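What follows is calculated from the coordinates using simple rules that are stated; it is not laboratory data. These numbers come from a predicted model, not from an experiment.
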Amino acid sequence: MQTQTRTQPRFGTEELSVFYGTNEAVKKINMEFPEKSVTALIGPSGCGKSTFLRSLNRMNDEIASARVDGRIWMDGQDLNDKNTDAVTLRQKIGMVWQRPNPFYKSIYENIAFGPRYHGTRSKKKLDEIVEQSLRRAALWDEVKDRLKESALSLSGGQQQRLCIARALSVSPQILLLDEPASALDPVSTGKVEELIIELKKDLRIVIVTHNMQQAARVSDSTAYFYLGNLIEHDDTTKLFSNPSNQMTQEYIMGRFG
Ligand SMILES: Nc1ncnc2c1ncn2[C@@H]1O[C@H](COP(=O)(O)OP(=O)(O)OP(=O)(O)O)[C@@H](O)[C@H]1O
């Protein structure tokens with residue numbers, strides 16, 4: 001069923017399965033995420049997109065009933081190996097959730113928290129990181145005069161860009177986005193989409209989205225999931241215009257899901 005199967009990609013999965021108890025929610029997925037590109041994960045509710053995304057930076061470790069089999073390769077290292085430290089790998093692989101979840105702290109402290117946790121003490125260096133991260137998240141001009149204000153004083157769209165800036169503050173190589181715009185209005189959604197396209201110049205991005213137009217707008221390749229299986233993974237233009245699999249065709253035509 002899968003159109004892309006390789007072993008040991010620079011960053012990707014090999015035979016990755018996720019179980020909740022006996023329920024195999026994600027089934028032996030082989031996928032590669034090329035650098036400087038956006039990969040969209042689409043499929044009907046419950047098909048395993050978020051579970052798969054969360055497994056990429058070991059967030060499923062936090063769920064007692066979850067078990068992850070298979071390998072997650074990053075530069076020759078298996079991130080799913082028990083000897084791989086999850087905190088260190090989450091510095092390399094950042095994540096942004098569906099609902100903006102800033103800390104109950106100032107705008108500045110939201111960004112400075114991660115670098116400080118990882119050892120940066122110099123105020124000058126932290127100031128630089130805060131400014132650079134906010135600039136990369138296209139938020140600096142809107143907040144530069146109110147860095148000491150609570151992050152909760154920002155609009156929902158600004159909070160989500162703040163969460164992206166927070167993820168960027170520790171210089172990740174990969175950004176995982178779980179429906180990052182689904183709680184936002186159309187203008188804020190547009191800004192997040194522009195940001196994704198800008199950020200991919202330096203990063204690998206993997207995004208779960210329910211919105212097929214959004215997948216078509218922002219991604220280079222798209223993967224269609226169904227019942228925990230990867231049905232098809234191909235260039236976004238190809239997948240939406242001429243999918244190889246009948247099931248993908250039916251989903252993108254809106255016949256189910
Ligand atoms: N924490 C959990 N504990 C037990 N089962 C879970 C858990 N999270 C997800 N599941 C189950 O795993 C399967 C895949 O769910 P998942 O949330 O990954 O799908 P999804 O495609 O992201 O869905 P949606 O689009 O609705 O967010 C579903 O059967 C779901 O009920």
Of Lys49/Lys201; Lys27/Lys201; Lys49/Lys144; Lys123/Lys144; Lys82/Lys105; Lys27/Lys105, which sit over 28 Å apart, Cα to Cα? Lys27/Lys201; Lys49/Lys144; Lys82/Lys105; Lys27/Lys105
Roughly speaking, what is the centre-to-centre gap between segment 101-136 and segment 213-257 when only Cα atoms are used, to the nearest Å? 38 Å
Give me, ordered by chain and number, the residues 5 or more places off Ser106 or on other chains with an amide H under 5 Å from its own placed amide H. Ala151
Apply the Karplus curve 6.51 cos²θ - 1.76 cosθ + 1.60, θ = phi - 60°, to the phi angles in segment 226-240 and return the couplings in whole Hz, x for Gly and Pro. 8, 6, x, 9, 8, 7, 7, 9, 8, 3, 4, 4, 5, 5, 7
Karplus 3J(HN,Hα) series, Hz, for segment 48-63 with 6.51 cos²θ - 1.76 cosθ + 1.60 (x for Gly, Pro): x, 4, 5, 4, 5, 4, 4, 5, 5, 10, 6, 5, 5, 4, 7, 9
From the phi of every residue in segment 38-43, what ³J(HN,Hα) in whole Hz does the Karplus formula 6.51 cos²θ - 1.76 cosθ + 1.60 yield, where θ is phi - 60° and glycine or proline is x? 10, 10, 9, 10, 10, x
